[in-house]
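The values are calculated or read from the model by the stated rules, or taken from the named source; none is laboratory data. Only a predicted model underlies this, so the values are computations on that prediction, with no experimental measurement involved. Every residue, glycine among them, receives a Cβ derived from its backbone with ideal geometry; neighbour counts consider all protein chains shown.
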Amino acid sequence: MRSILLLAAVLPLAAQDPAALWKAVLQPAFDPDKAAPVQNLSLTRDRLRLTLTQGTIQFTTPQNGLVFGAAFEGRGRLQLQPPAGPESQQLRLFTGKDVLDAEFTEAVFHFGDATYDQLASQLRFGPAPGPRLARLYQDRRQEHEDLGDALAPRLFKSLLSADRKRTAFFAAEVKTSNHGWIEVQLDSLEHEELRAGRWAAPLSGTGKHLDTWLNFPAGDRPPAEVFRQPLAKEDFLIRDYRIEANVAQSAELRATARVNLQFQAPGERVLLFELDSNLRIESVKDGERALPFFQSRDPKGRDRPSGDYVAVVLPDPSQPGQTLSLDFVYAGKHVIHKVGAGNYFCQSYGWYPTRPESFAARAGFHLVFRHPKDYTLVATGNKISQSADGKVILTEWKSDLPLAVAGFAFGDFKLYSEKAGAISVDVYANRRPDDSMASIASDDGFGPPTGQLPALGSLSPSALAKTMGIEVANTLRLFERYFGPYPYKSLAVTNIPFSYGQGWPGLLYLSALSFLDSTQRNTLGITHHTQITDFFRAHEASHQWWGHRVGWKSYHDQWLSEGFAQFSGNLYVLFRKGEKEFVTRLREDRQELLSRDQRNRVYESIGPIWMGRRLASSDSPRAYSNIVYNKGGLVLYMLQSLLADPRAQPPDARFMALMQEFCQTYHNQPASTEDFQKMAEKHMLPHMDLDGNGRLDWFFRQYVYSTGLPRYEFRYSVQPAGDKQWKVTGSLLPREVPPGWKDVLRLYLHASGKVARIGWLRASDQELPFEFNLPMKPDKLSLNANEETLADIKQ
Ligand SMILES: [Zn+2]
C-alpha cells in the first residue's frame, strides 16, 4: 500500500517533460524572487552539520514544484566528525585533523530530498541582489561537467523518483581558504552514504583527481554490514545481454545491445548506466517505444575527462519483479584503436552499457560480431557459430556461466593452441608488430631511423605464440592445483600495446612486451625479466580465479582480486624459477611498499589494504597498487607460510584446502574480506591462535584493516648442555612495535649448509624470552629466511 500512496503523491511528475527537466538540471535557472538573507541557519544530515552563519541564499526555479539547487555567499561552517578508526586516519592524512571543521565563504547545494522545504520554512524571500549567486551555481555545475562527474544524472534520478526517501540525495560544495572547494554528500543509494573530499591537482601530471577524504555508512553502521548484500540498493539487476556488434577496418564499432533486466525497486523512472562517451547512443528502445536518454558529452576522441554516464527515462515508474528489455543502439570510433598494420586495441571497459561495481554482479552474455574477413575476432564465452557473408565474417559467442564483464580482441592474428588438461589455451598473436614496437625496431631513439636493430629480430608477437601458449598453460595447471578448477572451457590469450595486462573471463590481454624473447629484452635494456614474463602472465591468468571465479563485494575487498593475483604471480615464479628468483620478487614488492610518495611518506603508512581504490590520491597515485597489490599479495603469502607444514605432503596442503574451499564456496559470486577471514579461521593451525579464541582477528586487524609494520630484534645464544644436546636461550625484543601487536614467526635452523624449519616463536609488544634444546650445534638460527613475514626483524 505504501508504494501506491507514494506514487499517487507525485503523479504530476509523470507530466514533466524529461528533456526540459534534464536541461534544467544541466543549465539551471535561478528564481529572481527566491533569495533570502540568512542568519545562523543550520542543516544536519547524519554526522554532517552545515551552518549558514550570515549571508544570502538563492534557489533554483522550481521544476514542476521541485526546487533542487541553491547558492550561498557570506559566512558559513562545515562540520563532519568521522567514525574513529580508518576514516579519521584518512581525514588526518589529507587535512592534518581528526574532524572536518571548515569555515566557508561561498557554497552551492544540490538536493533531491526535503532540503528546500526545510530551509524555506525558515526564510523570508525577496528579490535576488543580482546574478552573482546564479552564476556561482552555474560555474560549479559547468566545472563538474568538465571533470566528467555524474552529479547531474544522479540529481535527475532523484527528481523523477517516486520514492524520494530511497533515492534521497544531498550534496554541498563549500569554498574554504585552506583547501579550496570541499565537497560533501549524502547519497541514499550508496552503501556508504556519506562522502567528503575534493578535486585536487596532482603534484605532478595534469588534470584533477577526486580525493576521497571520508566515505562511510550513515547511522554508524559498520561497513562490513552494509556491503553484506552488495546489490541490495540496485534499482534493477541485469540478467543478460545480447550484443550485436560490427567491427570495421576503420576501427569503428557499431552495436545494438539488448539489456534484459529485472527491477528490485519500486517507483524509479530514471535508470543509470555507464558507457564510454566516445560511443554515441542513437536510440534506446523498449520494444518499439523510443525512450528519452541523456549521455555525457562527446569527448570526440580527445584525451580529456568527459564522464561516461547514460540516463534512460521510463514512461512509468518501475515495479519490483517487473522485467524490461532495453535496446541500445550506439556507434563510435575511439573505443577500438588502430595501433599498427593488422593491430587493433579493443578497450575492455565501456564498450557496452553497464552498472558500476559490475564485479559484484553476474550476467549472461550472448555476443554476435561481424568483421572483415581478413581478420580474426575472439571474445569471451564459447564460440557457438561462425559463418561468412561475402567479405564479412559473423561469429557468435555465448557464456556458459553468468559473467562480471565481457570483451573481445580483433586483428590479423596467428593462432596457436595448447592444452592444459581439458582446457584449451588459444594464443591469438598479431603477425606484425604494433606501431610502438615497429618504431623501436627501426629507431634507436637517438636520431633518425637507422633501420632494423640487427639483434632484435622479429618483434611480431606471433613469433612467441608457442612459448606463450606453453607458459600460460603451465600457470593454469599450477593454479588448478592450488585454487581448484579453472571456471571456463578455454582461455584466449592476445597481445595488446602498452605495458599492462587485463584478465577478462576466458580472455587475457597481455602487454606486447611479454611477447619478447630474452635476447630482445636484453637488447631493449629491460632488466626485470621475470616481472614482465612469468610473473606478469601468471598474475593476469590468476584473475580467472580472483575477480572472475570469485568476485568482490566492495572496493574494500579489491585485494581479494589484485592482492591475490599478485600472490599468484609470485607463486608461479617460485615453481617456474625457483626460490632465489621468488624471494627476489617478494623483496621487490616489499621495497615498493616501503618506498615513499611525492610527499615523502612511506606508501605503507598511507592507509590499510581495506581502503581499496581510495588509496590512490593526487599526492599518492601509486598507493593503490603498492598497497592493494603488493601488500595484499605479501599478506596472503604470510598466511600461506603460517599454514605450511614441512612434514605434510605437499607442505601447502592446508593452504590449498583453504583456497579451494574459498573458491568453491564463492564460485561465481562476490566475497568479502570478512568472508575470507572466516574461511581462513576454519583452516588455521593451533600455533596461529594467538588470542586463544580460534580466530584470526589479530592477523587481519594488523595487516588488512590497519597500517604499520612492527620491528623486532632476535637475540639468542647456544650453550652445550651435555649428552649431544645444545641449549638455546634468547628472546624477541620489541623495537618500534605498535601497542597490542602480536606475531608468530617461523624459526629456521642452519646447519651443514642446510636450512630447516624447526618451529615457531611468538613476538609481541613485550619482550618474549624462549629456551629450548637442540640435538646438534646450529651454525645459525634465523627468522624470516624467505620473506614470509612483513615484520622487520633485526638478527
Ligand atoms: Zn591484476
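When Leu747 is tested against (1) in contact (Cβ under 8 Å) with a residue 40 or more places away in the chain; (2) under 22 Å from Tyr637 (Cα atoms); (3) among the aliphatic types (A, V, I, L, M), just one condition goes unmet, and that condition is (1). Restricting to segment 163-189, and then to whatever is surrounded by fewer than 22 Cβ atoms within 10 Å (Cβ to Cβ) and more than 24 Å from Ala616 (Cβ to Cβ), can you tell me which residue is nearest to the chain's Cα centre (by Cα)? Residue satisfying both the conditions and the ranking: Ser188. The test for being of a type in the set (A, V, I, L, M) and closer than 15 Å to Asp240 by Cβ holds for Val368. Within segment 188-245, if we keep just the residues that are part of a loop (DSSP other than H, G, I, E, B) and among the acidic types (Asp, Glu), the residue that is nearest to Asp327 (Cα to Cα) turns out to be Asp235. Every condition in (1) assigned to a helix (DSSP H, G or I); (2) in contact with an Asp or Glu (Cβ under 8 Å, 6 or more places away or on another chain) is met by Asp619 except one, and the failing one is (1).
The number of residues in segment 529-556 that are surrounded by fewer than 18 Cβ atoms within 10 Å (Cβ to Cβ) and in contact (Cβ under 8 Å) with a residue 60 or more places away in the chain comes to 0. Please state which one of Gln598, Gln591, Gln566 is among the polar types (S, T, N, Q), modelled with pLDDT of 95 or more and away from the ligand (no atom under 15 Å from the Cβ). Only one candidate passes the filter, namely Gln591.
The set of residues in segment 499-537 being of a type in the set (Lys, Arg) and either within 14 Å of the ligand (Cβ to nearest atom) or not in a helix (DSSP H, G or I) (or both) consists of Arg537 alone. Suppose we keep only residues that are within 20 Å of Leu513 (Cβ to Cβ) and touching a Ser or Thr at 6+ places or on another chain (Cβ under 6 Å) within segment 428-450. Which one would you say is modelled with the highest pLDDT? Within segment 428-450, the match that is modelled with the highest pLDDT is Tyr428. How many residues are under 18 Å from Pro356 (Cβ atoms) and either charged (D, E, K, R) or surrounded by fewer than 19 Cβ atoms within 10 Å (Cβ to Cβ) (or both) when one looks only at segment 190-208? Number of matching residues: 4. Listed here are the strands (runs of 3 or more DSSP E) enclosed by segment 284-353 that have at least 2 residues being under 30 Å from Ala438 (Cα atoms) and either among the charged types (D, E, K, R) or touching a helix residue (DSSP H, G or I) at 6+ places or on another chain (Cβ under 9 Å) (or both): 336-340.
Filtering segment 538-559 down to residues that are touching a helix residue (DSSP H, G or I) at 6+ places or on another chain (Cβ under 6 Å) and assigned to a helix (DSSP H, G or I), which residue is farthest from the ligand (Cβ to nearest atom)? It comes out as His556. Residue count for segment 705-743, restricted to those that are more than 16 Å from Leu781 (Cβ to Cβ) and in contact (Cβ under 8 Å) with a residue 24 or more places away in the chain: 18. The number of residues in segment 251-283 that are within 27 Å of the chain's Cα centre (by Cα) and either in a strand (DSSP E or B) or among the basic types (Lys, Arg) (or both) comes to 16.
Where strands (runs of 3 or more DSSP E) fall entirely within segment 34-137, those with at least 3 residues that are of a type outside the set (Val, Ile, Thr) and farther than 29 Å from Leu160 by Cα are at 69-80, 100-111. Does segment 418-427 contain any residue that is under 30 Å from Tyr488 (Cα atoms), at pLDDT below 90 and surrounded by 19 or more Cβ atoms within 10 Å (Cβ to Cβ)? No, there is no match, as no residue in segment 418-427 is under 30 Å from Tyr488 (Cα atoms), at pLDDT below 90 and surrounded by 19 or more Cβ atoms within 10 Å (Cβ to Cβ). Scanning segment 776-788 turns up no residue that is hydrophobic (A, V, I, L, M, F, W, C), more than 30 Å from Lys678 (Cβ to Cβ) and touching an Asp or Glu at 6+ places or on another chain (Cβ under 7 Å).
For Thr376, the conditions (1) closer than 21 Å to Lys466 by Cα; (2) polar (S, T, N, Q); (3) within 30 Å of the chain's Cα centre (by Cα) are fulfilled apart from (3).
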